[in-house]
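Data first, discussion second: the structure below is written as structure tokens.
The values are calculated or read from the model by the stated rules, or taken from the named source; none is laboratory data. On a predicted model such as this, the values are computed, not experimentally measured, just so you know. Counting neighbours? That spans all protein chains shown, and the Cβs are built from the backbone with ideal geometry, glycine included. In case anyone asks, the SASA skips ligands and DNA or RNA and just uses the protein heavy atoms, side chains included. Shrake-Rupley method; radii C 1.70, N 1.55, O 1.52, S 1.80 Å.
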Amino acid sequence: MPKDLLLEIGLEEVPARFVRGAMNALKENTEKWLADSRLAYEEVQAYATPRRLAVLVRGLAEKQEDVSEEVKGPARKI
């Protein structure tokens, strides 16, 4: 059953001109981390104020997707 995840980061006062860039970077990095970790999700939303950054991941899978790998061993001669 998918769950929602809220990650909130408290900051010292950030100048307003940097807030949008920080929010977008947090969203992009979260999406990349979830993909690299093989965690399925429905949507990532980012929020920001001068003192907080937050990302809400909706529909996050409870576990990673299974991976199937085929590994060949040493030659039979050995």
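Quick notes
- Farthest positive-ward along segment 24-67 dipole, Cα basis, beta-carbon charges - from Thr49, Leu39, Gln64: Thr49
- Accessible area in square angstrom per residue, the chain, 1.4 angstrom probe: 84
- Every helix of 4 or more DSSP H residues in the chain counts as -39500 (n - 2.57), and over all residues that averages to -9500 deg cm²/dmol at 222 nm.
- Here the extension length gained between Tyr47 and Lys63 equals 3.2 nm, from 0.36 nm per residue of separation less the Cα-Cα distance.
- On the chain, 51 percent of the accessible area sits on carbon and sulfur atoms, based on a 1.4 Å probe.
- Centroid-to-centroid separation of segment 1-39 and segment 47-72 [C-alpha atoms, Å]: 11
- Looking at the chain, the pairs of alpha carbons with a distance over 20 Å make up 47% of the total.
- Pairs of Lys residues in the chain, spaced 8 or more positions apart or belonging to different chains, with C-alpha separations under 20 angstrom: 4 in total.
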